[in-house]
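Working notes for the structure below.
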Amino acid sequence: ENIVSNENAGKMVYIKPISNLQSLALEWELNKKFTIDETKSAALIAYTLTRGQKFSLLETLKKEHLAEELDVTVDKVGGNQSLLSIEVKLTDLGLQNTSKVINRCFEAINNLKTSSIPSYLFHEMESMAKLNYEYQSHEDAFEFVSNNTVNLLDEDISTYPKKTLLASHYSSENVLEIINSLNFSNAQFYLIADPKKTKVPLDLQEKWTKAEYTIKDLSPTLKTSL
């Protein structure tokens, strides 16, 4: 079954943090065929969105004093489920202008929809993966065994870790299919911040952690813009 609830798709979940956090997350559950994808097309999209080139998403958000950090990740969270997430660490100004931050994220996604991702970025991502593996830092023994054991569930030891680290080939078709699926109507939005700052009352409590939260529709103005 899907992990993401269709009932909450296109809605904002406001969450009260324990510590002093201010972050906005946009999250999509990818088509199951991309959970184990040898072309690593979702990872290429994440790499492109976080790459620090001129006019990048993070540079734009920093220039407008809306964010301090940006992270885009692709995580396998089940046997055939994976999530692509954009997480933005907000400034106080960014917290007051979350609609603008969301708009900027979708502008970056839409740029990829119209221009796609050039193959040289694929080769750059592959080169960085090789360098990071060759010059990896010392890892705690338990973490090393744990991480490699998890990876070996998806790759035979005869080729390991090649398929885990590197893509088989560049697939513009897969890239475009994934990018076109990243719409606001099927995204999950999470705003983790002090409710005193967001001015949104929290009327629900999570079953296990007792975290306070509430779920609201996006504003009609933001929906129209998106």
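So, in region 13-41, of the ones that are touching a Phe, Trp or Tyr at 6+ places or on another chain (Cβ under 8 Å), open to solvent by 10 Å² or more (accessible area, probe 1.4 Å) and of a type in the set (A, V, I, L, M), which residue ends up nearest to D217 (Cα to Cα)?
My answer is V13.
Can you spot a residue in region 125-136 that is farther than 30 Å from K223 by Cα and under 18 Å from the mean Cα position of the chain (by Cα)?
As a first pass, look at region 125-136 and keep what is farther than 30 Å from K223 by Cα: 125-136.
Applying the additional criterion that residues be under 18 Å from the mean Cα position of the chain (by Cα) yields 125.
Yes, because at least one residue in region 125-136 is farther than 30 Å from K223 by Cα and under 18 Å from the mean Cα position of the chain (by Cα).
Of everything in region 23-58, what is in contact (Cβ under 8 Å) with a residue 60 or more places away in the chain and touching a Lys or Arg at 6+ places or on another chain (Cβ under 7 Å)? Give them in sequence order.
Of everything in region 23-58, those that are in contact (Cβ under 8 Å) with a residue 60 or more places away in the chain and touching a Lys or Arg at 6+ places or on another chain (Cβ under 7 Å) turn out to be S23, E38.
Would you check which residues across region 170-222 are farther than 24 Å from S116 by Cα and free of Cβ contacts under 8 Å to residues at least 60 places away in the same chain and list them? Reasoning before the result, please.
So in region 170-222, the residues farther than 24 Å from S116 by Cα come out as 189-222.
Listed by number, the residues that qualify are K196, K199, P201, D203, L204, Q205, E206, K207, W208, T209, K210, P220.
Residues that are surrounded by 17 or more Cβ atoms within 10 Å (Cβ to Cβ): which helices (runs of 4 or more DSSP H) entirely in region 94-175 hold 2 or more of them?
Values: elements: 98-115, 119-134, 141-151, 162-165.
Hits in region 94-175: 98-115, 119-134.
Can you work out which of the residues in region 195-226 that are outside any strand (DSSP E or B) and among the polar types (S, T, N, Q) is least open to solvent (accessible area, probe 1.4 Å)?
Applying the filter and picking the extreme gives T198.
Testing S85 on (1) outside any loop (DSSP other than H, G, I, E, B); (2) among the polar types (S, T, N, Q); (3) in contact with a Lys or Arg (Cβ under 6 Å, 6 or more places away or on another chain), one condition comes back false. Which one is that?
Unmet condition: (3).
Give me a count of the residues in region 176-194 that are open to solvent by 70 Å² or more (accessible area, probe 1.4 Å) and in contact with a Leu (Cβ under 7 Å, 6 or more places away or on another chain).
Qualifying residue count, region 176-194: 0.
The values are calculated or read from the model by the stated rules, or taken from the named source; none is laboratory data. The structure presented is a predicted model; accordingly, all values stated were derived computationally and were not measured. With ideal geometry, Cβ positions are generated from the backbone for all residues, glycine too; neighbour counts draw on all protein chains shown. What goes into the accessible areas is simple: the full protein's heavy atoms, side chains included, and nothing from ligands, DNA or RNA. Shrake-Rupley method; radii C 1.70, N 1.55, O 1.52, S 1.80 Å.
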